[in-house]
Amino acid sequence: MGSKVISAIVAEFLNPISDGTKGRMLTDWQFINGKWYYFNEISDGTKGASMTNVWIGEYYVNTEGTDLIKKSYQIEDVPSERIIEDMLRTMQKEPDSIDYKSVFPKGVKVRNWVLTDEAILDIHFNGDYGGMKPEEEILLRAGVVQSLIQIRGVDYIDFFIEDEPLTDSV
């Protein structure tokens, strides 16, 4: 009995596809049999373990405005769109802490967003985005990407100011 249980557990966490990585431990978000699963990526004795109600990082700016701070955010077993909506709403608010602040400078807001079937998240900011200092923009972009790219079904993020794609000014 024990070997059957162990075999079933091990098989669940190993890549079953013959693509040169068969048998490799699965980590991160995996789409298996029509459902998304998250397998622990951290080598803490539970690497590869299937996780539910997991905590991921939500990013804020330190009080000096020079670096990002990662705060825990609990992911529940709900659709990705609901997690995106909740994270964006939370990130735009000032936290109840004197140690860090929102990555969103005053006045900068998300107007709307769309998650495409190709796993591309289009985020449309209001016009105040264009008035940010360069260092504020870098921290905002980094914080938003690092927070939202962790969500299953989000592989890429496009930024827009109003309805115009954000392009580098270099």
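Of all residues in region 64-107 being of a type in the set (Phe, Trp, Tyr) and within 25 Å of Asp128 (Cα to Cα), which is nearest to the chain's Cα centre (by Cα)? Give the steps one after another, and end with the answer.
Restricting attention to region 64-107, the residues satisfying the condition of being of a type in the set (Phe, Trp, Tyr) are 73, 100, 104.
In the following step, the residues that additionally are within 25 Å of Asp128 (Cα to Cα) were identified as 100, 104.
Working: Tyr100: 19, Phe104: 16 Å.
Looking at the filtered set, the residue picked out is Phe104.
A search for C-beta distances below 9 Å between a residue of region 96-122 that is polar (S, T, N, Q) and any residue that is assigned to a strand (DSSP E or B) and surrounded by 13 or more Cβ atoms within 10 Å (Cβ to Cβ), counting only pairs 6+ apart in sequence or on different chains, returns Ser97/Tyr60; Ser97/Lys71; Ser102/Tyr60; Ser102/Val61; Asn112/Asp122; Asn112/Ile123; Asn112/His124; Thr116/Asp122. Residues that are within 23 Å of Leu68 (Cβ to Cβ) and assigned to a strand (DSSP E or B) within region 99-114 comprise Tyr100, Lys101, Val110, Trp113, listed in sequence order.
For region 104-125, name all the residues that are over 17 Å from Ile83 (Cβ atoms) and either open to solvent by less than 30 Å² (accessible area, probe 1.4 Å) or out of contact with any strand residue (DSSP E or B) (no Cβ under 6 Å at 6 or more places or on another chain) (or both).
Applying the first criterion (over 17 Å from Ile83 (Cβ atoms)) to region 104-125 yields 104-109, 111, 117-118, 124-125.
Result: Phe104, Pro105, Lys106, Gly107, Val108, Lys109, Asp117, Glu118, His124, Phe125.
Could you check region 134-170 and list, in sequence order, the residues that are of a type in the set (D, E, K, R) and either touching a residue at least 12 places away in the same chain (Cβ under 8 Å) or surrounded by 14 or more Cβ atoms within 10 Å (Cβ to Cβ) (or both)? Selection gives Glu135, Glu136, Glu137, Arg141, Arg152, Asp155, Asp158, Glu162, Asp163. Checking each residue of region 116-138 against the condition of being in contact with a helix residue (DSSP H, G or I) (Cβ under 8 Å, 6 or more places away or on another chain) and in a helix (DSSP H, G or I) gives at least one match.
Taken over region 78-98, the criterion of being open to solvent by less than 100 Å² (accessible area, probe 1.4 Å) and either of a type in the set (A, V, I, L, M) or in a helix (DSSP H, G or I) (or both) is satisfied by Val78, Ser80, Glu81, Ile83, Ile84, Glu85, Asp86, Met87, Leu88, Thr90, Met91, Gln92.
Out of region 48-65, which residues are of a type in the set (Val, Ile, Thr) and either at pLDDT 75 or above or open to solvent by less than 80 Å² (accessible area, probe 1.4 Å) (or both)?
Filtering region 48-65 down to residues of a type in the set (Val, Ile, Thr) leaves 52, 54, 56, 61, 63.
Correct list: Val54, Ile56, Val61, Thr63.
The values are calculated or read from the model by the stated rules, or taken from the named source; none is laboratory data. Note that the structure is a prediction, hence the values are computed from the model and not measured. Counting neighbours? That spans all protein chains shown, and the Cβs are built from the backbone with ideal geometry, glycine included. Areas reflect the complete protein model, heavy atoms only, side chains present, ligands, DNA and RNA absent. Shrake-Rupley method; radii C 1.70, N 1.55, O 1.52, S 1.80 Å.
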